[in-house]
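The values are calculated or read from the model by the stated rules, or taken from the named source; none is laboratory data. Bear in mind the structure is a predicted one, so any value in this text is a computation, not a measurement. Using ideal geometry, Cβ is built from the backbone for each residue, glycine included, and neighbour counts are taken over all protein chains shown. Keep in mind that these areas ignore ligands, DNA and RNA; they rest on the heavy atoms of the full protein, side chains included. Shrake-Rupley method; radii C 1.70, N 1.55, O 1.52, S 1.80 Å.
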Amino acid sequence: MTATPGSRRVLLAAPRGYCAGVDRAVIAVEKALEQYGAPIYVRHEIVHNKYVVQTLEKKGAIFVDQTAEVPEGSIVMFSAHGVAPTVHAEAAERKLATIDATCPLVTKVHKEAVRFAKEDYDILLIGHEGHEEVIGTSGEAPDHITLVDGPEDVANVEVRDPDKVVWLSQTTLSVDETMETVDALKGKFPNLLSPPSDDICYATQNRQIAVKKLAEDAELVIVVGSKNSSNSIRMVEVALDAGAAASYLVDNAGEIDEAWLEGVTTVGLTSGASVPDVLVDGVIEWLAERGYGDVETVKTADESITFSLPKELRRDLRAEAAQLSQS
C-alpha cells in the first residue's frame, strides 16, 4: 500500500459503519412507524448518531429522556443500548406498549450480570460512567455491580470476597484498554473470573482492527461518528495509539478542517458502528474535491451477522396500548 510520490489517496476501512445491532434498531423504528403510524416514542437516542436520530424524527419518531414523558397508552421503544429493569416497570405503570430494540449482544451482558448476581458474585463492570449501556447493565444487579472506569480506577475497587469476583464490560470499549483494565484487576484479585465469552462486541473489535491497519499507512485518520458515540471515540484513540500522526472525529464532511490535510498524502477513513454509509460517501466526495480521488479499500474482516427484528413488531401494539390504557 505504498503511495507514489505526489499522489494523494484515501484508505477506506472495511468493515465500517452499521453493525447488526444498530441496523436492527434503526429498521425497528422504521418498521414500527410503518406498521403503527406516528408517533413512536423512543427512550433515549435509538443509536448514538445525530443524522440517524434527525432522520427518524422527520418520519415521526419522538425521542425522550424519561419514560414519564411518554403519554399513557402510547408505544415506546427502548434503544439499542438497553435499559434497566426499573425502566420496564415504569413503562408498565404508565400502561405503555413496549418494543425492546436492545442489541442482543448487550442483552447477553445483562443476562450474565443477572446470573452472576444470583450466584452472589461481586461484579466489576468495566465501562464509562453515565453511558446508557452501563446504566442499563448496572440496573440488572445494582447491589452486586461496581463500575470500573479504566485502569486508573482499579486502586479504588473493593469487594466482599476476592475469591468470588467476576468482570464484565460495556460492549463498545477499546479492546486494548479493556484488557489493560482486566490485567490490573487480576493483579489485585488473582482469582478474578472472566465472563464465558468476550463482552466487547464483534463489530467494535473488527472496526478497531481495521483502524489499526489504516494507521500503519495514513498520516491522518478521519472517523465519522457522533461525539456521544463511545465506539467512535474509541476508534480515534486506537488510531492515535497505532501510530497515526493525527485522528479526528467528525459527524459529517462539513466538520473537516482543510488544515488537517496539510502535508498529508494518505488519509484513512472509517466510521463508527452507528453511522450510515451516506455520511462516509459525503466525506469521500469532499476529499476527492481536494485531490484525494484515489480510494483504496482496506479489508480486514468479513461481517455476515444479522439479528432478527424485535418480536413485538409481529403484534398489534396499538390495540395492546389501547387495552392497557383502559385497564
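If you go through the range 287-302 and keep only what is surrounded by 16 or more Cβ atoms within 10 Å (Cβ to Cβ) and either within 26 Å of the chain's Cα centre (by Cα) or under 18 Å from residue 37 (Cα atoms) (or both), you end up with 298, 300. Number of residues in the range 303-320 that are more than 27 Å from the chain's Cα centre (by Cα), among the small types (Gly, Ala, Ser) and within 26 Å of residue 23 (Cβ to Cβ): the value is 0.
Only residues that are of a type in the set (A, V, I, L, M) and open to solvent by 20 Å² or more (accessible area, probe 1.4 Å): list them for the range 50-65, please. Reasoning before the result, please.
Here is the first cut: in the range 50-65, the ones of a type in the set (A, V, I, L, M) are 52-53, 56, 61-62, 64.
62, the sole residue that qualifies.
Which count do you get for residues in the range 156-177 that are more than 15 Å from the chain's Cα centre (by Cα) and open to solvent by less than 80 Å² (accessible area, probe 1.4 Å)? Break it down stepwise before answering.
Initial filter on the range 156-177 (more than 15 Å from the chain's Cα centre (by Cα)): 156-168, 176-177.
Narrowing further to those that are open to solvent by less than 80 Å² (accessible area, probe 1.4 Å): 157, 159, 161-162, 164-168, 177.
Matching residues across the range 156-177 total 10.
Report the residue count in the range 34-60 for those that are within 15 Å of residue 312 (Cβ to Cβ) and within 23 Å of the chain's Cα centre (by Cα). So that I can check it myself, show each step before the final result.
We begin by selecting, within the range 34-60, every residue within 15 Å of residue 312 (Cβ to Cβ); these are 34-36, 40-43, 46.
Checking the rest, the ones that are also within 23 Å of the chain's Cα centre (by Cα) come to 40-43, 46.
Result for the range 34-60: 5.
Scan the range 165-177 and give yes if some residue there is farther than 25 Å from residue 233 by Cβ, of a type outside the set (A, V, I, L, M, F, W, C) and modelled with pLDDT of 95 or more, otherwise no. So that I can check it myself, show each step before the final result.
Taking the range 165-177 first, the residues farther than 25 Å from residue 233 by Cβ are 165-166.
After this cut, where a residue has to be of a type outside the set (A, V, I, L, M, F, W, C) as well, the list is none.
Looking through the range 165-177, none of the residues is farther than 25 Å from residue 233 by Cβ, of a type outside the set (A, V, I, L, M, F, W, C) and modelled with pLDDT of 95 or more.
Against the list (1) open to solvent by 40 Å² or more (accessible area, probe 1.4 Å); (2) assigned by the TED database to the domain that holds residue 27, the condition residue 317 fails is (1). Within the range 220-241, the set of residues being surrounded by fewer than 18 Cβ atoms within 10 Å (Cβ to Cβ) and either over 20 Å from the mean Cα position of the chain (by Cα) or more than 25 Å from residue 52 (Cβ to Cβ) (or both) comprises 240, 241.
So, residue 251, is that one open to solvent by less than 50 Å² (accessible area, probe 1.4 Å) and at pLDDT 95 or above or not?
yes
Answer yes or no: is there a residue in the range 10-32 that is without any contact (Cβ under 8 Å) to a residue 24 or more places away in the chain and either on the phi < 0 side of the Ramachandran plot or surrounded by fewer than 21 Cβ atoms within 10 Å (Cβ to Cβ) (or both). So far as the range 10-32 goes, no, none of its residues is without any contact (Cβ under 8 Å) to a residue 24 or more places away in the chain and either on the phi < 0 side of the Ramachandran plot or surrounded by fewer than 21 Cβ atoms within 10 Å (Cβ to Cβ) (or both).
For the range 193-219, filtering for residues that are touching a strand residue (DSSP E or B) at 6+ places or on another chain (Cβ under 6 Å), surrounded by fewer than 20 Cβ atoms within 10 Å (Cβ to Cβ) and of a type in the set (A, V, I, L, M) leaves 1. With respect to residue 163, determine if the residue is outside the structural domain of residue 204 (by the TED database), over 30 Å from residue 242 (Cβ atoms), out of contact with any Ser or Thr (no Cβ under 9 Å at 6 or more places or on another chain) and not hydrophobic (A, V, I, L, M, F, W, C). When the stated conditions are applied, residue 163 passes them. Here 309, 324, 317 are screened, and the one residue that is more than 23 Å from residue 251 (Cβ to Cβ), at pLDDT below 90 and touching a Lys or Arg at 6+ places or on another chain (Cβ under 8 Å) is 324.
From the residues in the range 185-213 that are within 15 Å of residue 127 (Cβ to Cβ) and assigned to a helix (DSSP H, G or I), which one is farthest from the chain's Cα centre (by Cα)? Selected residue: 185.
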